[in-house]
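K.L.:
The structure under discussion is supplied below as structure tokens; questions concerning it will follow.
The values are calculated or read from the model by the stated rules, or taken from the named source; none is laboratory data. Since we're looking at a predicted model, the values are computed, not measured. Positions of Cβ are backbone-derived with ideal geometry, glycine not excepted, and every protein chain shown enters the neighbour counts.
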Amino acid sequence: MAIQRRRFLQAAGVGAILGLSGCTGDAEPPQAADGESGSQSESGNGSSGSKQELTLATTTSTYDTGLLDELNPVFEEKFDATVKTIPQGTGAAIETARNGDADVILVHARGAEDEFLKEGYGVNRRDVMFNDFVVVGPADDPAGIEGMESAADAFATIAESEATFVSRGDDSGTNKKELLVWDASGVDPVGKWYREIGKGMGDTLVQADQSGAYTLSDRGTFLATKSKIDLEILVQGPLKGGPTILKNPYGVIPVNPAKYPDVNYSLAMAYAGFLTSPEGQDIIDSYTVDGSQLFFPNALSESPQFGQYVPEDYDGGGNASASVSDAQFEQWVAENVPEDF
Amino acid sequence: MFGLGDLNLTYLVSITLVSLYVSTAAVLVSATLGLPMALAVSFRDFRGKAVVTSIISTGMGFPSVVVGLLVLLALSRSGPLGEFELLFTPEAMILSQTVLALPVLVSVALSAIQSVPQDLRDAAFASGGTSTDVALLVVREARYGIVTALLAAYGRAISEVGSVLIVGGNIVFSDGTSFTRTLTTAITVEARKGNIETGIALGGILLALVLAVNALGARFRDRTPSGGRR
Amino acid sequence: MTDGLVAADITHGFENGAILEDVSLGVEPGEILAVVGPSGTGKTTLFRLLAMFDRPDSGVIEFDGDDVWSMSDARRLEVRRRIGMGFQNRSLFSASVADNVAYGLRVRRSWKERVANAVSGVLGPADYDEAVTTALETVGMADKASRDAGSLSAGEAQRVAIARALAPDPDVLLLDEPTSNLDPRNTAVIEAAMRAARDRGIAVALATHDMQQAQRVSDRTAVLLDGTCIESGATDRVFESPSDDRVRQFVEGKLVY
């Protein structure tokens, strides 16, 4: 309410903002006039005057599905903080953090995350949750891919029949995954049937629906959008017995405070801790849209999950390999994802 | 309301206020900078005047996303103005909208000012006016055109989406109040979610705002010259 | 050291030849000087120099004996404010008649007064100086003080413009072809206003291509031809026995431009 009132004041006294640097736009309520920037005070000390701020750059899928609307208020309450969520594509979110303009990122592109860590921009990555991708297309399925067990084969078939395929084309996590599948299919998607549209997942689904095209979607956004479109799942993801290549893991990474001393590192760590805590994981686990669970938390496990601390293809000294980690993932799915999902 | 069922009132009001706040501030800053610029360009003869004029009119068509990217580069913590921590704030949006609105304002104001007959400037000077008086007289004579310039700048600012999305970050707090989300960037969110109808309803609010501002301007313009300012 | 406004040895013009060459003339308090000559002969340029729009390329403009271009800017502004001017073209501001006539008085006030006046003008009807009414009476326009200037006929507009020049009570009145587009009735009103100004001790300079008008109203006449002053003296003398042959032809209507 305080924030909203402040908006009114700003709108009314708009002449006073002519000095841009005079107002840095902190989201503190007006009573925080003690000159503190707010980021120095301890969290949860009860003095409502100076809330800490956390800038979270994240993928649109976590935001648009409404998951963060469940998680963030609980975190804010617990840590007396305000979360400023910037919904972007995964590529853009990582770029924002790379420039030091976010405190923490929540994204889904393991390869790009590893690179981000290798370059020293992020520290302490944790697995948070996953869902999976699905290949969707028109009900009449002109390319005939329904029920295929390999996503790569399905893509190759689409390319062969030159059925229209809509690509996000925006360097998002979904886009990165799609390119990975093309890579695996051995086809270079070129031609008038392949359309890069540079839009978010929802727009892409709507556009694919309008043009009777195939596309790759994360399951969460597809479920959230399903009621507005006529597309159907033609190749399932690993949550429903589909190929493991369509797994969609989300990771949280605080920005390295040694690179950018101004980031709110302790709050970023608190956020990572919250998402991977039993409480945060429970919220993720119980979040549903239209009765469907969208994300499966996987931060907590009694068995070792070393894979989240090392690069995706790290061979662990010869014992582990990508196929081993895939096998572990499949086993995890078998144990934890209900049959009737 | 039409298609706005799933958006609560607090959210609607606050994104509308952010839109108004950012655009109004950007137009005020543009006017503060732009009107003296338009006067200077039309009164003074200097080398490169033609170049300046064509830069200004080129600026009218400057793509807003490019402006957004430039402002992003400048305001990023790793950029030259990073220490002010302005990125992802309303002030960053004001900055980028000012860059966009300024050329529109200056161009339209300039043509209004230049259409004031030389005879009137001469009369003001010969009546004992200083150069400031002459400038004020010209502004007064060009007031309809200047109001049009302000309205055009306002329209450019409030309907703009590319740059505010990039430099504002499209942030809404968890209590549903907007920090840097405007009507236009809220529309992109709805479009992304596939909620086309909600997006169009938000567009309706935006349109109503622009109409209201224009009606205000028209009201000012329609006051008779002698009645308006005696 | 003469009172009034004097142009001495003025040469002025653009690269392609001088518009004015070595022109000297002056107007003293309580007289009407007519500067006659065909169109395009430099009358307007000369009057603009007298009104200090521009600095002459060479020569001196003197006001009450002081070179106006060697005085301080502030002092020159004061001198400018002793001079009123009327133009050939319509030059009224888009405001009421009274506002137009009050303009010269308003710019002479301090900024504080002007802001206060503007505010009170918004809140209620502004009260004008008596000078505005007096000036409007001189040209017979007092009853139209509240009219919008844009609604006036050409003749009425020109009369108001002259009232505007007269309202601050100038020492010099410069009128550049004030009646060239007007009907006889409006012309007569303006000529009467000129005479009244002269009778109040104002130095009146009138640029006109109308020889009969010059003969009607002026005390002295200077003839400008191709940027040079070829004859000047008492109006009667100039018209009755011009010393220059071209002036004779011009006066007799034989020299046509």
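K.L.:
With the checklist (1) modelled with pLDDT of 95 or more; (2) surrounded by fewer than 16 Cβ atoms within 10 Å (Cβ to Cβ); (3) aliphatic (A, V, I, L, M) in hand, flag the one item A:LEU300 doesn't pass.
P.N.:
Among (1) modelled with pLDDT of 95 or more; (2) surrounded by fewer than 16 Cβ atoms within 10 Å (Cβ to Cβ); (3) aliphatic (A, V, I, L, M), A:LEU300 violates only (1).
K.L.:
So, in segment B:141-165, of the ones that are surrounded by fewer than 22 Cβ atoms within 10 Å (Cβ to Cβ) and polar (S, T, N, Q), which residue ends up farthest from the other protein chains (Cβ to nearest Cβ)?
P.N.:
B:SER159
K.L.:
Right, another one. Would you pick out the residues in segment A:67-88 that are more than 10 Å from chain B (Cβ to nearest Cβ) and either in a helix (DSSP H, G or I) or within 22 Å of A:GLY200 (Cα to Cα) (or both)?
P.N.:
A:LEU67, A:LYS78, A:PHE79
K.L.:
Based on this model, can you work out whether C:LEU182 counts as among the aliphatic types (A, V, I, L, M) and either surrounded by 24 or more Cβ atoms within 10 Å (Cβ to Cβ) or within 15 Å of the chain's Cα centre (by Cα) (or both)?
P.N.:
When the stated conditions are applied, C:LEU182 does not pass them.
K.L.:
Among B:ALA135, B:ALA201, which is the only one that is surrounded by fewer than 23 Cβ atoms within 10 Å (Cβ to Cβ), over 17 Å from the mean Cα position of the chain (by Cα), more than 30 Å from C:LEU50 (Cβ to Cβ) and small (Gly, Ala, Ser)?
P.N.:
Exactly one of B:ALA135, B:ALA201 is surrounded by fewer than 23 Cβ atoms within 10 Å (Cβ to Cβ), over 17 Å from the mean Cα position of the chain (by Cα), more than 30 Å from C:LEU50 (Cβ to Cβ) and small (Gly, Ala, Ser), namely B:ALA201.
K.L.:
Provide a single number: the residues in segment A:229-257 that are within 14 Å of another protein chain (Cβ to nearest Cβ) and of a type in the set (A, V, I, L, M).
P.N.:
3
K.L.:
Being surrounded by fewer than 19 Cβ atoms within 10 Å (Cβ to Cβ), free of Cβ contacts under 8 Å to residues at least 60 places away in the same chain, over 14 Å from the mean Cα position of the chain (by Cα) and within 14 Å of another protein chain (Cβ to nearest Cβ), is that true of even one residue in segment A:134-146?
P.N.:
no
K.L.:
Take the residues of segment B:166-182 that are assigned to a loop (DSSP other than H, G, I, E, B) and small (Gly, Ala, Ser): which is farthest from the other protein chains (Cβ to nearest Cβ)?
P.N.:
B:GLY176
K.L.:
Additional query: Can you tell me which residue within segment C:135-159, out of those that are buried (at least 20 other Cβ atoms within 10 Å of the Cβ) and free of Cβ contacts under 8 Å to residues at least 40 places away in the same chain, is nearest to the other protein chains (Cβ to nearest Cβ)?
P.N.:
C:ALA135
K.L.:
Restricting attention to segment B:167-199, report how many residues are modelled with pLDDT of 90 or more and of a type in the set (A, V, I, L, M).
P.N.:
Here the count works out to 4.
K.L.:
Quick check on segment A:204-232: of everything there that is of a type in the set (Ser, Thr, Tyr) and within 19 Å of A:LEU180 (Cβ to Cβ), which residue is surrounded by the most Cβ atoms within 10 Å (Cβ to Cβ)?
P.N.:
If we take residues in segment A:204-232 being of a type in the set (Ser, Thr, Tyr) and within 19 Å of A:LEU180 (Cβ to Cβ), then A:THR204 is surrounded by the most Cβ atoms within 10 Å (Cβ to Cβ).
K.L.:
Out of (1) over 22 Å from the mean Cα position of the chain (by Cα); (2) among the small types (Gly, Ala, Ser); (3) part of a helix (DSSP H, G or I), what's the single condition that is false for B:GLY129?
P.N.:
(3)
K.L.:
Just name the residue that is farthest from C:GLN88 (Cα to Cα) out of those in segment C:113-169 that are modelled with pLDDT under 90 and of a type in the set (A, V, I, L, M, F, W, C).
P.N.:
C:LEU123
K.L.:
Give segment B:183-213 a look and list any residue that's assigned to a loop (DSSP other than H, G, I, E, B) and either touching a Gly at 6+ places or on another chain (Cβ under 7 Å) or more than 14 Å from chain A (Cβ to nearest Cβ) (or both), or say none.
P.N.:
Within segment B:183-213, B:LYS193, B:GLY194 meet the criteria.
K.L.:
A follow-up question, please. On the given criteria, is A:VAL104 within 21 Å of B:VAL189 (Cα to Cα) and either touching a residue at least 24 places away in the same chain (Cβ under 8 Å) or away from chain B (no Cβ under 12 Å) (or both)?
P.N.:
no
K.L.:
Next question, about the same structure. Give just the number: which of (1) out of contact with any Gly (no Cβ under 6 Å at 6 or more places or on another chain); (2) assigned to a helix (DSSP H, G or I) does C:THR179 not satisfy?
P.N.:
Looking at each condition in turn, C:THR179 falls short on (2).
K.L.:
What number of residues within segment B:49-83 are over 13 Å from B:SER96 (Cβ atoms), aliphatic (A, V, I, L, M) and more than 16 Å from the chain's Cα centre (by Cα)?
P.N.:
Counting residues in segment B:49-83 that are over 13 Å from B:SER96 (Cβ atoms), aliphatic (A, V, I, L, M) and more than 16 Å from the chain's Cα centre (by Cα) gives 4.
K.L.:
Does C:ARG164 satisfy the criteria of being within 13 Å of chain B (Cβ to nearest Cβ) and touching a residue at least 12 places away in the same chain (Cβ under 8 Å)?
P.N.:
Taking the combined requirement at face value, the residue satisfies it.
K.L.:
Sticking with this structure for a sec: For segment C:62-73, does any single residue satisfy the condition of being under 17 Å from the mean Cα position of the chain (by Cα) and of a type in the set (Phe, Trp, Tyr)?
P.N.:
yes
So that you can scan it fast, the table gives a plain yes or no per residue for (1) over 28 Å from B:VAL147 (Cβ atoms); (2) within 14 Å of another protein chain (Cβ to nearest Cβ):
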{"position": "B:GLY59", "(1), (2)": "no, no"}
{"position": "B:SER64", "(1), (2)": "no, no"}
{"position": "B:SER78", "(1), (2)": "yes, yes"}
{"position": "B:ILE94", "(1), (2)": "no, yes"}
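K.L.:
If you don't mind, another one. Any idea which of A:ASP114, A:ASP170 is touching a residue at least 24 places away in the same chain (Cβ under 8 Å) and surrounded by fewer than 19 Cβ atoms within 10 Å (Cβ to Cβ)?
P.N.:
Answer to the selection: A:ASP114.
K.L.:
Quick one: count up the residues across segment B:124-140 that are touching a Leu at 6+ places or on another chain (Cβ under 6 Å) and either without any contact (Cβ under 8 Å) to a residue 60 or more places away in the chain or at the interface with chain C (Cβ under 9 Å from one of its Cβ atoms) (or both).
P.N.:
1
K.L.:
Something else about it: Quick check, is B:PHE88 of a type in the set (A, V, I, L, M, F, W, C) and within 11 Å of chain A (Cβ to nearest Cβ)?
P.N.:
In short, yes.
K.L.:
Can you tell me how many residues in segment B:163-200 are over 19 Å from B:SER96 (Cβ atoms) and not β-branched (Val, Ile, Thr)?
P.N.:
So the count comes out to 12.
K.L.:
Something else now. Scan the helices (runs of 4 or more DSSP H) fully inside segment A:194-301 and keep the ones with 3 or more residues being under 16 Å from the mean Cα position of the chain (by Cα) and over 22 Å from A:GLY91 (Cα atoms).
P.N.:
A:278-286
K.L.:
Give me a count of the residues in segment B:105-147 that are in contact with a helix residue (DSSP H, G or I) (Cβ under 6 Å, 6 or more places away or on another chain), of a type in the set (Ser, Thr, Tyr) and farther than 29 Å from C:PHE47 by Cα.
P.N.:
Total satisfying the criteria: 2.
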